[in-house]
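The values are calculated or read from the model by the stated rules, or taken from the named source; none is laboratory data. Every value quoted in this text rests on a predicted model; they were computed, and no experiment measured them. Positions of Cβ are generated from backbone atoms using ideal geometry, with glycine treated the same way; all protein chains shown enter the neighbour counts.
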Amino acid sequence: MLNHFEEFDGRLKSIAENLRPIAAVATYLLESGLLGQLANNLPEIISFIRRNFPTEEPKFFMADVLKHLGISERSYYRKVAEGKLVPRKWEGPDFFYRSDLEEELRESKRRGRV
């Protein structure tokens, strides 16, 4: 039984040692005001991450987007210029994920294109 207590005590000490650096970072973030800034900019941060990091969704290239949204190539370029469609730039040609096109798909459905 004593061996179990010693083992448990050793695990608690290990946990405490591992939590110390995390606590130090959390304290710094709170005291410096960075945590508040992160919280205020969270929607933009999430949007940036979703835009710039790959996901498991299939990629939609320009031809796929035209078909999916029921728009012409000219409308595609206009929407890109207006910022309504923001292509992802990674290796190879620009592309979109289905989730990037949700708002424009709703608009296409509203207008009866799809």
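Okay, here's what the table says:
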| quantity | calculated |
| --- | --- |
| Odd one out for residue 91 among (1) out of contact with any strand residue (DSSP E or B) (no Cβ under 6 Å at 6 or more places or on another chain); (2) in contact (Cβ under 8 Å) with a residue 24 or more places away in the chain | (2) |
| Selected residue (only one of 66, 42, 38 is under 30 Å from residue 26 (Cβ atoms) and in contact with a helix residue (DSSP H, G or I) (Cβ under 9 Å, 6 or more places away or on another chain)) | 38 |
| Flag for residue 48 being in the same structural domain as residue 89 (by TED's automatic domain parsing), hydrophobic (A, V, I, L, M, F, W, C) and surrounded by 11 or more Cβ atoms within 10 Å (Cβ to Cβ) | no |
| Residue within region 31-41 that is at pLDDT below 85 and closer than 30 Å to residue 88 by Cβ present | no |
| Qualifying position, being of a type in the set (Phe, Trp, Tyr) and either touching a residue at least 60 places away in the same chain (Cβ under 8 Å) or in contact with a strand residue (DSSP E or B) (Cβ under 6 Å, 6 or more places away or on another chain) (or both), among 8, 48, 61 | 61 |
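For (1) at pLDDT 90 or above; (2) surrounded by 14 or more Cβ atoms within 10 Å (Cβ to Cβ); (3) closer than 26 Å to residue 49 by Cβ, each residue gets a yes or a no:
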position: 71; (1), (2), (3): yes, yes, no
position: 74; (1), (2), (3): yes, no, no
position: 78; (1), (2), (3): yes, no, no
position: 88; (1), (2), (3): no, yes, yes
position: 91; (1), (2), (3): no, no, yes
position: 98; (1), (2), (3): no, yes, yes
position: 103; (1), (2), (3): no, no, yes
position: 107; (1), (2), (3): no, yes, yes
position: 114; (1), (2), (3): no, yes, no
